[in-house]
Amino acid sequence: MEGSFKTSTSAQEPQKQLPEKPAVSTQENQPETKEIADSVISCPNLLCSINVSVTDSNNRRIPDLTPQNFTIFEDGVEQQIAIWAHDDSLVNFSLVFNISDYQPLKLMAQQTVRSFVSQVRSTDEVVIPQFKANREIVRDLSADKRKFENALNGISSNNKSTLVSLIAEAVKPTKEKRQAPRNFMVVITDGLSLSGTAADREAADAILRENTPIYFIILDDWRYRSHPANQSRVRRTRDLLIRIAEVSGGQALVVNREDEISAATEQIMRRVNNQYTIGYYPTNEKYNGVFQYFSVAVMPKDKRKVKVFAPLGYYAPDAAGR
């Protein structure tokens with residue numbers, strides 16, 4: 001069972017034109033038993049490589065899938081699959097914190113890190129750029145409550161940057177770790193440093209161009225949102241985080257209580273550790289820097305209904321190849 005925390009999968013679009021799901025789904029003209037979803041992507045030399053997670057309706061892994069079970073559409077046109085693999089390779093995780101100086105949420109953030117680190121495989125890399133902490137330091141901090149509390153207090157008291165600025169800075173070293181073919185960012189936040197303004201949306205657009213899946217664990221004990229004057233801001237900032245996660249191929253989970261943390265981290269790890277890598281050469285040759293939409297359909301042999309997770313598309317290179 002996934003727990004009672006909230007999973008957000010759709011949201012009102014902010015004024016900044018972040019990529020949005022097309023009004024007409026590409027699920028038209030396809031069997032009803034296929035569930036279309038979004039896919040995460042990098043596009044070197046025009047080979048689009050997508051990380052796709054597939055589960056059944058109870059979020060359990062589906063074994064024995066083959067390339068013949070997958071179909072890719074870009075702008076409604078079916079693409080030929082050139083690369084397919086059930087990916088169990090090294091993963092590089094970057095953890096980012098953005099928590100206000102409110103002790104109950106700090107304690108929840110510490111518990112979230114401990115839960116997450118305890119589920120990371122020994123072969124995977126975990127870094128916290130704000131601590132300048134590699135895997136060994138992260139594991140040491142997660143095991144020492146006092147050390148981690150002191151480190152987190154240092155971030156809270158010195159942090160003047162907005163959440164999207166922190167993500168934009170942290171995503172750069174994540175991209176540079178070439179030894180990890182799969183890079184993910186996990187952001188633990190209360191979202192209160194965001195305003196939902198145009199500046200935040202511009203920064204979010206730049207983040208999405210890095211093509212790194214971003215997972216948000218949004219800590220919310222209802223304290224801030226209980227004031228009617230704050231509800232509009234919470235809704236705007238929550239919607240922005242949902243859009244960043246959705247477009248990048250990640251996920252936004254809202255955690256209200258400590259007993260929901262383990263289920264949230266387990267859901268993220270289940271998706272990351274149950275992925276397929278699919279590659280194709282787009283037939284669409286619009287080199288204009290514009291966001292190109294694609295979708296992935298999966299039809300198992302037994303034709304059961306499945307859940308497919310990944311991003312909405314990719315930014316095409318411009319005429320100069322950027």
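The values are calculated or read from the model by the stated rules, or taken from the named source; none is laboratory data. None of these values were measured; they are calculated from a predicted model. Glycine gets a Cβ as well: all are built from the backbone with ideal geometry, and neighbour counts include every protein chain shown.
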query = Of the residues in the stretch 278-322, how many are polar (S, T, N, Q), at pLDDT 85 or above and over 18 Å from GLU246 (Cα atoms)?
reply = 1
Close pairs (9 angstrom Cβ cut-off, 6 or more residues apart or separate chains): surrounded by fewer than 17 Cβ atoms within 10 Å (Cβ to Cβ) in the stretch 135-151, in a helix (DSSP H, G or I) and modelled with pLDDT under 75 anywhere = LYS147/LEU141
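I'd like to verify a number: residues in the stretch 246-275 that are aliphatic (A, V, I, L, M) and either more than 17 Å from ARG114 (Cβ to Cβ) or over 14 Å from the mean Cα position of the chain (by Cα) (or both), how many?
In the first step, residues of the stretch 246-275 are kept if they are aliphatic (A, V, I, L, M); the result is 247, 252-255, 261, 263-264, 268-269, 272.
From the residues that got through so far, the ones that are either more than 17 Å from ARG114 (Cβ to Cβ) or over 14 Å from the mean Cα position of the chain (by Cα) (or both) too are 247, 252, 254-255, 261, 263, 272.
Qualifying residue count, the stretch 246-275: 7.
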task = For residues that are among the aliphatic types (A, V, I, L, M) and at pLDDT below 65, tally how many sit in the stretch 163-186.
result = 1
request  = Please list, ordered by first then second residue, the pairs with beta carbon atoms under 7 Å, 6 or more apart or interchain, first in the stretch 209-221 and of a type in the set (Asp, Glu), second at pLDDT below 90.
outcome  = GLU210/VAL171; GLU210/LYS175; ASP220/ASP190; ASP221/PRO104; ASP221/LEU105
query = Quick one: which of LEU90, LEU105, LEU95 is within 19 Å of the chain's Cα centre (by Cα) and either free of Cβ contacts under 8 Å to residues at least 12 places away in the same chain or within 30 Å of ARG257 (Cα to Cα) (or both)?
reply = LEU95
task = Would you please name the residue that is nearest to TYR215 (Cα to Cα), looking only at residues in the stretch 267-289 that are surrounded by fewer than 16 Cβ atoms within 10 Å (Cβ to Cβ) and in contact with an Asp or Glu (Cβ under 8 Å, 6 or more places away or on another chain)?
result = GLY289
ask   = Out of curiosity, is THR277 under 30 Å from GLN80 (Cβ atoms), among the hydroxyl-bearing types (Ser, Thr, Tyr) and assigned to a loop (DSSP other than H, G, I, E, B)?
value = no
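Residues checked against (1) under 18 Å from GLY249 (Cβ atoms); (2) assigned to a loop (DSSP other than H, G, I, E, B); (3) at pLDDT below 80:
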position	(1), (2), (3)
ASP64	no, yes, no
VAL96	yes, no, no
GLU136	no, no, yes
ARG139	no, no, yes
